[in-house]
Amino acid sequence: MIVAQAKPIEEILEMIDKYDKILLVGCKGCVAVCAAGGEKEVQFLASAIRTARKTQGREIEIREVTLERQCDPEYVEQIRGFAGDYQAILSIACGVGVQFMAEHYREIPALPGLNTSFMGGALEQGVWSERCQGCGNCVLHLTGGICPITRCSKSLLNGPCGGSSNGKCEVDPEVDCGWQLIIERLKALGEFESRFMEIVPIKDWSTSRDGGPRKIVREDMRQ
Amino acid sequence: MDYPPNVKLIRVPCSGRVDSVHLIKAFEEGMDGVYVAGCLEGECHFLTGNLRAKKRVEYVKGVLTTLGINPERLRMYNLSAAMGSRFVEIAREMTEMIRSLGPSPVKTGAGREFPQEQEEGEEQ
Amino acid sequence: MTGRKIGAVMVVGGGIGGVQSALDLAEAGYKVYLVESSPSIGGRMAQLDKTFPTNDCSMCILSPKLVECGRHPDIELLTYSELLGLEGEPGNFRAKVLKHARYVREDICTGCGTCQQKCPRRTASEFDGELGERKAIYVPYPQAIPNVPVIDKQICTYFLKGKCRVCEKVCPAGAIDFEQEDEELEIEVGAVILALGYETFDARLRGEYGYGRYKNVVTSLEFERILSASGPYRGEILRPSDNEHPRRIAWIQCTGSRDTSLGRGYCSSVCCMYAIKEAIIAQEHDPNLELTIFYNDIRAFGKGFEGYYESAKKAGIRFVKSIVSDVKELPRTKDLFIRYVEDGEVKEENFELVVLSVGLEPSEQTKLLAKKLGVELEPCGGFCSTPFFNPLSTTREGVYVCGVFQGPKDIPETVMQASAASAVASATISAERGTMLQQRQYLPEKQIKGEKPKIGVFVCHCGINIAAVVDVEAVRDYARTLPHVVWAEDNLFTCAQDTQERIKKVIQEEGLNRVVVAACSPRTHEPLFRQTLMEVGLNPYLFEMANIRDQCSWVHMKDKEGATQKAKDLVRMAVANAALLEPLERERLPVRKRALVVGGGLAGMTAALGFAEQGFEVFLVEREAELGGNMRHIYWTLSGEDPQAFLEEMIERVTTHPAIQVITNAEVVDHEGVQGNFSTGVMIAPTMTYRKLEHGVTVLATGGEEYKPKEYLYGEHPAVLTQMELEERIARGELDLGELRRVVMIQCVGSRTEQRPYCSRICCSVAVKNALKLKELAPDLEIHVLFRDIRTYGLLEQYYTKARERGVIFTRYIPERPPEVEAEGNRLLVKVWENTLKDDLILEADLVVLSTATLPRENEELAAMFKVQRTLEGFYLEAHMKLRPVDFSSDGIYMCGLAHSPKLMDETISQAQAAVARASTLLAKDEIEVGGVVARVEPELCAACLICVRACPYGVPYICEDGYSVIDPAKCRGCGNCAAECPQKAIQLQHYRDEQLVAKVLALTRGI
């Protein structure tokens, strides 16, 4: 899922400072699952904003809505009937959701309530970790199911750098060395000899961000 | 066994039922202080509810700080059903603390209770 | 009419034991008559301040049981009454009961307390150990059940002088009746349980301690009252002579215990622990107190006790091993001067307060009643005689016993025995289960969906409890102005029986669909009002309470205006919530009337037979090929029984009983379901056949085992054995006793250590037992027992005395310098530091016998499967140390035997029977109600994020095939943690929905 976290409330307050009537929109997709943008966060943020405004002696009207997803036009259109009544849309979806809001409601500013962080999963209740950078050219079959692009701080493809020490990364001693993990995994799979010695050719990054904004088209599905 | 009548209770089956939304709502509504009274640590009737409540209280305290509301206005206490005198003590302690802080800025609209730079917990 | 059996049991004694028996019996479908000689139930436990080893407030944990007992439709309380005699035969007795005149009508009295306040005559309060006062008309203590006073005829001015009758004049209910007379009742019952309890030793008999002469020498029970917040000094530690704070307090242990010269050759079992507790609590009151306990042995043998003892030592409480020779009062200061011998030296010290840790003994009335009933008593102490393998049966058939009357014991063991006695007593009349019960009558539930809220508010005066502080009429008038309120009134006592009738009438006449009562605590009274609602067809959850007594009038006495304003606020909040109340559905699930017992040792077999005798089917699953467990290796007991013969007969009964299916060679492999409807899979060797067992309750009796030590050359030298190995060798004749000259036994091997910080409880008695056996077989054999504290508690003390008389030599060692064992060829050298002589004692031994710890048998996987908790040491953890000693915190699962903690065989039998009794309260029902205050998921909103699955303390929610969270109402405990964590607000805890909690906040801040 896409993992995001709440922006500092001061930042949000500053963003909406000039408005006194806003629409706060949550998303029931990824950001609900990572506890950043679901209905509960909508209620909490709305209340926090109103509280802050009351301390300044100026009220703000907030309409609270949580959509099924903010990354599909049909859902985004569900607020069409009343969006125009508000001065701004504060979206607590991922960056996709905020942009979809901006694209669909051109006359109203769409503001981000979250910082979209990464694609990852839950390690345990309340802990999420990055797993994928969406490079568009997956190599996990070569690396024991552990992504060198994401898990190695330097995205190296042919083994660890000299900064790997005691299984930890020189960039941050809290972070496991991605290549240490890959090597251990390959050994456990009995694939170390065959895989590790193989030189991985230079990666084609054109499928990644280097090729500009990406797009996928499924002609078989297209109408 | 006497405490000031400004303390009013909202009954929940477990302090773990108390949600961060309930806490912030109470402040939005202009409560001067809120405290969550849970079982003693390690003695939660529902195993871990009081520990979850404690974490939520900590989280909301952080948010209050950023909103310019003194985080001391929100507290978590642990006590057992047998500790009546402790209950009284807490009610008094909380009341005295709120008195010294004055009314919530939510009611007065007087702006932040303390300057932005000031660190949490340095009030008085 | 012979042969007709009666489905009722009489329980004599209304202390915690009697109350537990009564509740278990009534819940299992038997009518109960609970006879108590004093004016109210509660017994000794009600007098205690805190309880060891958890420091729970005694009254707080007891009171709900008392309330339950008082309200139960199938328990008839006969307080201020005594059993005179018993005729007839088991199954069909006629009991003669004398009901003393209270001079107060129980059916009218509302318990308002006005009479007590106005009564002019005072006397010393028995309840407060005579340190406090009561009136001539009195309720012994505020939470007493029934809350109906009695007039003490001996001191009442009217009875003495013919005038006064103030109580009659002030009673608002007109309940005083001076014409009442004693009444003799004849009651038919099938069985009788004696829970007669104890009184404390009369400390005057130990004249050298000065009790009765010196004011500042008090008994331990009096000290409980001194500590208690509701006691004579309001919880301040004061000494009686001058009401000053004492600084130095001493406890003198074994006052009236372990003293054959006073005819009390038994240990009272609880005094060490209560003294430690009193010292710990005293220190909590005032950390600067200097506290000293003079002891003989510290007998911290129960579950969690050793740790408690250690914590007391760490907290700086001083323990002096010495018997105090005398106490003298210093005339001027009233301080006390104590002389004692420590390490061979005479020492002297001053204290400001001395607490005598007095022993327990059956009262004279108890002994008299026993005689009348034909129940034999032990020569030692006059406790009730019971057969070792049937510890709940008296010598009169059909009459059973539990609690201290059977032998000194603490609260959990009393509760255990009380449950157990209810099981064995009802086993004989199980065919009559349910024949004498009251049927509760309810109207069919009215549907209120779509109706606008119509709220009725009832504001209680609670006599003067509320009305003296809060302006009740003003609150009532205010309530009338609140939204949705169509009716508001005030009542003198909203909880009184006649008010219940009135509430019902108002509900029907005014068409109320929500009820608010502004009175006391929902904890004690909500069940009553919910019952009332149900009787007129309203869903019981359409009820809300505002606590304007405990949370208002009682705590704001000095601020009447503030209190009245607050009462209005609380009522407004309650009304706001009431408008949002919804009727909650409760589902009824049928109960599978079958038990599963895991473990085929003594505990498991006893439980299986117990269930079978109650008329329930049982699966008895044993991992090994044979039944019997540890008992297969026990050949004799201290009191002379033959365990092997008993075991053989028991196995025969178990294997041939038509209701018991024995499954040996079987491992439990899976488990699911909820109470009443469990299903457990077992894999049966050698064919590894899988079988699914369906049952309503589970008893885990997975046992324990002897620790095989690494210490003291065990396993290296052939002459080093454990006690169990010694017993086996003697029994099989494998020991050449003629060759032996000296045997050394070492206690606490593997117990009371850092790694295993608990006392294994049984090793002292086992050592004494085997030492006595060796002495019997070879009188000239020299036997040494090296010990830390000898813990032969209760009546076992007699055997310790006997062992010493037979010449067994007991030598104390200190844990800092434990014994050392060295090999010297075939022989062994044991070196031990003798702390009194300050020298090493060196013993040449032919045999070294190690009294090793008792460990729980491997149960980790099983515990995970059944989702039950264990202690740090791996023993099963009960739901509550004191009052639920055989229940797990998961409903429908119970424990017994060594898997709970080390214990002797008779204790295991009691506990197994207790598990049967507790489980039978569930099995006796045809269906159970589930639901009510549970979490409910709105599937539409659910994001299937798993947060609830991870947050639930009980592992209840799961994501179903359709991709949303499901919470089984039968499993949900209603804590609401999932609801608080759900990021989509898809989960709401019924009755405590977000909307409701927020409505209370809004009502508080925004007014109407």
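The values are calculated or read from the model by the stated rules, or taken from the named source; none is laboratory data. Keep in mind it's a predicted model, so treat the numbers as computed, not measured. As a convention, Cβ positions derive from the backbone with ideal geometry for all residues, glycine included, and neighbour counts pool all protein chains shown.
Can you give me the number of residues within segment A:1-24 that are in contact with a Ser or Thr (Cβ under 7 Å, 6 or more places away or on another chain) and within 14 Å of chain C (Cβ to nearest Cβ)?
4
Residue count for segment C:504-532, restricted to those that are within 14 Å of residue C:454 (Cβ to Cβ), buried (at least 22 other Cβ atoms within 10 Å of the Cβ) and of a type in the set (A, V, I, L, M, F, W, C): 4. When we screen C:733, C:703 for residues that are surrounded by fewer than 18 Cβ atoms within 10 Å (Cβ to Cβ) and either small (Gly, Ala, Ser) or touching a Pro at 6+ places or on another chain (Cβ under 7 Å) (or both), the only hit is C:733.
Residue C:964 satisfies every condition listed in (1) farther than 19 Å from residue A:27 by Cβ; (2) out of contact with any Phe, Trp or Tyr (no Cβ under 9 Å at 6 or more places or on another chain); (3) surrounded by fewer than 22 Cβ atoms within 10 Å (Cβ to Cβ) except (1). If the condition is being within 36 Å of the chain's Cα centre (by Cα) and more than 12 Å from every other protein chain (Cβ to nearest Cβ), then segment C:952-965 contributes C:957, C:958. The requirement of being farther than 21 Å from residue C:370 by Cα and aliphatic (A, V, I, L, M) is not satisfied by residue C:97. A count restricted to segment B:21-43 and to residues that are within 8 Å of chain C (Cβ to nearest Cβ) and not aliphatic (A, V, I, L, M) stands at 4.
Yes or no, residue by residue, for (1) out of contact with any Pro (no Cβ under 7 Å at 6 or more places or on another chain); (2) buried (at least 22 other Cβ atoms within 10 Å of the Cβ); (3) among the aromatic types (Phe, Trp, Tyr); (4) over 16 Å from residue C:511 (Cα atoms):
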position	(1), (2), (3), (4)
C:450	yes, no, no, no
C:456	yes, yes, no, no
C:475	yes, yes, no, yes
C:478	yes, yes, yes, yes
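Consider segment A:109-132 and keep the residues that are more than 14 Å from chain C (Cβ to nearest Cβ) and free of Cβ contacts under 8 Å to residues at least 40 places away in the same chain. The one that is nearest to residue A:71 (Cα to Cα) is A:110.
In segment A:175-201, what residues are exposed (fewer than 10 other Cβ atoms within 10 Å of the Cβ) and touching a residue at least 40 places away in the same chain (Cβ under 8 Å)?
So the first thing to find is which residues in segment A:175-201 are exposed (fewer than 10 other Cβ atoms within 10 Å of the Cβ), and the list is A:190, A:197, A:199, A:201.
Residue satisfying the conditions is A:199 alone.
Hey, does segment A:38-57 have a residue that's away from chain B (no Cβ under 14 Å) and either surrounded by fewer than 21 Cβ atoms within 10 Å (Cβ to Cβ) or aliphatic (A, V, I, L, M) (or both)? Give the derivation first.
Initial filter on segment A:38-57 (away from chain B (no Cβ under 14 Å)): none.
No, because not a single residue in segment A:38-57 is away from chain B (no Cβ under 14 Å) and either surrounded by fewer than 21 Cβ atoms within 10 Å (Cβ to Cβ) or aliphatic (A, V, I, L, M) (or both).
Of (1) within 20 Å of the chain's Cα centre (by Cα); (2) within 29 Å of residue A:35 (Cα to Cα), residue A:137 satisfies all except one. Which? Residue A:137 satisfies all of (1) within 20 Å of the chain's Cα centre (by Cα); (2) within 29 Å of residue A:35 (Cα to Cα) except (2).
Every residue in segment B:40-50 that is touching a residue at least 24 places away in the same chain (Cβ under 8 Å) and among the aliphatic types (A, V, I, L, M), please.
B:40 - this is the single residue of segment B:40-50 that is touching a residue at least 24 places away in the same chain (Cβ under 8 Å) and among the aliphatic types (A, V, I, L, M).
Please pick out the residue among C:986, C:980, C:1003 that is more than 8 Å from chain B (Cβ to nearest Cβ), surrounded by 19 or more Cβ atoms within 10 Å (Cβ to Cβ) and under 24 Å from residue B:32 (Cβ atoms). Outline the logic, then answer.
Details: C:986 fails: under 24 Å from residue B:32 (Cβ atoms); C:980 fails: more than 8 Å from chain B (Cβ to nearest Cβ).
Within the list C:986, C:980, C:1003, the selection yields C:1003.
Residue B:13 fulfils the conditions (1) in a helix (DSSP H, G or I); (2) within 26 Å of residue C:554 (Cβ to Cβ); (3) within 8 Å of chain C (Cβ to nearest Cβ) except for a single criterion, (1).
When residue C:661 is tested against the conditions (1) more than 30 Å from the chain's Cα centre (by Cα); (2) under 20 Å from residue C:907 (Cα atoms), the lone failure is (2). Among residues that are out of contact with any helix residue (DSSP H, G or I) (no Cβ under 6 Å at 6 or more places or on another chain), of a type outside the set (Ser, Thr, Tyr) and under 30 Å from residue C:530 (Cα atoms), residue C:623 is not included. Scanning segment C:577-601 for residues that are touching a Pro at 6+ places or on another chain (Cβ under 9 Å), at pLDDT 95 or above and either surrounded by 24 or more Cβ atoms within 10 Å (Cβ to Cβ) or of a type in the set (Asp, Glu) (or both) returns a single hit, C:578.
Scanning segment B:44-81 for residues being touching a strand residue (DSSP E or B) at 6+ places or on another chain (Cβ under 8 Å), of a type in the set (Ser, Thr, Tyr) and within 11 Å of another protein chain (Cβ to nearest Cβ) gives a total of 1.
Tell me which residues, restricted to segment C:625-653, are of a type in the set (Asp, Glu) and surrounded by 15 or more Cβ atoms within 10 Å (Cβ to Cβ).
Residues of segment C:625-653 of a type in the set (Asp, Glu): C:626, C:641-642, C:648-649, C:652.
Within segment C:625-653, just C:641 meets the criteria.
Which residues, taken from segment C:148-166, are under 17 Å from residue C:80 (Cβ atoms) and either in a loop (DSSP other than H, G, I, E, B) or touching a residue at least 60 places away in the same chain (Cβ under 8 Å) (or both)? C:148, C:149, C:150, C:152, C:153, C:154, C:155, C:156 - these are the residues of segment C:148-166 that are under 17 Å from residue C:80 (Cβ atoms) and either in a loop (DSSP other than H, G, I, E, B) or touching a residue at least 60 places away in the same chain (Cβ under 8 Å) (or both). Restricting attention to segment C:20-36, the residues that are in contact with a helix residue (DSSP H, G or I) (Cβ under 7 Å, 6 or more places away or on another chain), in contact (Cβ under 8 Å) with a residue 60 or more places away in the chain and more than 19 Å from residue C:62 (Cα to Cα) add up to 2. Could you tell me whether residue C:391 is in a loop (DSSP other than H, G, I, E, B), touching an Asp or Glu at 6+ places or on another chain (Cβ under 6 Å) and within 21 Å of residue C:414 (Cα to Cα)? Against the criterion (in a loop (DSSP other than H, G, I, E, B), touching an Asp or Glu at 6+ places or on another chain (Cβ under 6 Å) and within 21 Å of residue C:414 (Cα to Cα)), residue C:391 qualifies. Restricting segment C:836-859 to residues that are polar (S, T, N, Q) and at pLDDT 95 or above, the residue that is surrounded by the fewest Cβ atoms within 10 Å (Cβ to Cβ) is C:854.
Quick grid of which residues meet (1) crowded, with 22+ Cβ neighbours inside 10 Å; (2) more than 14 Å from chain B (Cβ to nearest Cβ); (3) more than 12 Å from the chain's Cα centre (by Cα):
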| residue | (1), (2), (3) |
| --- | --- |
| C:40 | yes, yes, yes |
| C:57 | no, no, yes |
| C:69 | yes, yes, yes |
| C:82 | no, yes, yes |
| C:85 | no, yes, yes |
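Only strands (runs of 3 or more DSSP E) whose full extent lies in segment A:110-223 are considered here, and the ones with at least 1 residues that are over 25 Å from residue A:95 (Cβ atoms) are A:114-124.
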